[in-house]
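Colleague: Here it is: the structure, laid out below.
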Amino acid sequence: MENVISDEEIEKSFNALGAEIYNIIYSEQKVGGVVLNINNETQNNSIELFYLYPKYHNLGIGQDIWKTIEEKYPKTKEWKLVTPYFEKRNINFYVNKCGFHIVEFVNKYHKGKNKHNRVNDNEKISWKDEFFVFEKL
């Protein structure tokens, strides 16, 4: 089975300037993790990685974590994230539970407006390269 996110992408998010990495602990158990990218100058922040182990899905933990993140970073002007187009659980969570809006669909016909989200012109587009860009203002 191929990972949705490569080890290289995970390591890059951990080492990025502005990265803040958290383990998610619930009832004294590690249930997931989150990597945020915080820009203290612009307050345009992003979620680089957010996951819960499957046995902790559908318990409201994700929503509680998102509320905690928003409380911890109240000066944020914009939150941004990307997720693969086929991840219905993620799409439902971010749009219906957290209040994000889909602002762009990156695919072989549209390689992305923002340089941060743009797929390189020399790369072959694969299923991994089709993703939604979400924003929350």
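Coordinate-derived values only; no laboratory data. The shown structure was predicted, so the numbers you read here are calculated from the model rather than taken from an experiment. As a convention, Cβ positions derive from the backbone with ideal geometry for all residues, glycine included, and neighbour counts pool all protein chains shown.
Colleague: If you plug each phi of the stretch 45-53 into the Karplus form 6.51 cos²θ - 1.76 cosθ + 1.60 with θ = phi - 60°, what whole-Hz ³J(HN,Hα) values come out, in order, with x for Gly and Pro?
Modeller: Residue by residue, the stretch 45-53 yields 10, 9, 9, 8, 7, 8, 9, 10, 5 Hz.
Colleague: Pop out the ³J(HN,Hα) list for the stretch 18-24 in order, Karplus 6.51 cos²θ - 1.76 cosθ + 1.60 with θ = phi - 60°, rounded to Hz; leave Gly and Pro as x.
Modeller: x, 5, 10, 10, 10, 7, 9
Colleague: Once the Cα atoms of the stretch 7-136 are picked out, what are the Rg and Dmax in Å?
Modeller: Looking at the stretch 7-136, its Cα Rg and Dmax stand at 15.0, 47 Å.
Colleague: Please state the charge dipole magnitude for the chain, taken about the Cα centre, from unit charges on C-beta atoms (+1 on K and R, -1 on D and E), reported in debye and rounded to the nearest 20.
Modeller: Charge dipole of the chain: 400 debye, to the nearest 20.
Colleague: Report, by chain and number, residues whose modeled amide H sits under 5 Å from the one on LEU49, excluding near sequence neighbours (fewer than 5 apart, same chain).
Modeller: So LEU49 has HN proximity to VAL35.
Colleague: Defining a contact as two alpha carbons under 8 Å apart and six or more residues distant in sequence, what relative contact order in percent does the chain show?
Modeller: Computed over the chain, the figure is 19 percent.
Colleague: Karplus couplings for the stretch 56-64 from phi (6.51 cos²θ - 1.76 cosθ + 1.60, θ = phi - 60°), rounded to Hz, Gly and Pro as x?
Modeller: Rounded to whole hertz, the list is 9, 6, 6, 10, x, 5, x, 5, 4.
Colleague: At a 10 angstrom cut-off on C-beta neighbours, averaged per residue, how do the peptides 7-19, 44-56, 87-99 rank from highest to lowest?
Modeller: Per-residue Cβ counts within 10 Å, averaged per peptide and sorted highest first, yield 44-56, 87-99, 7-19.
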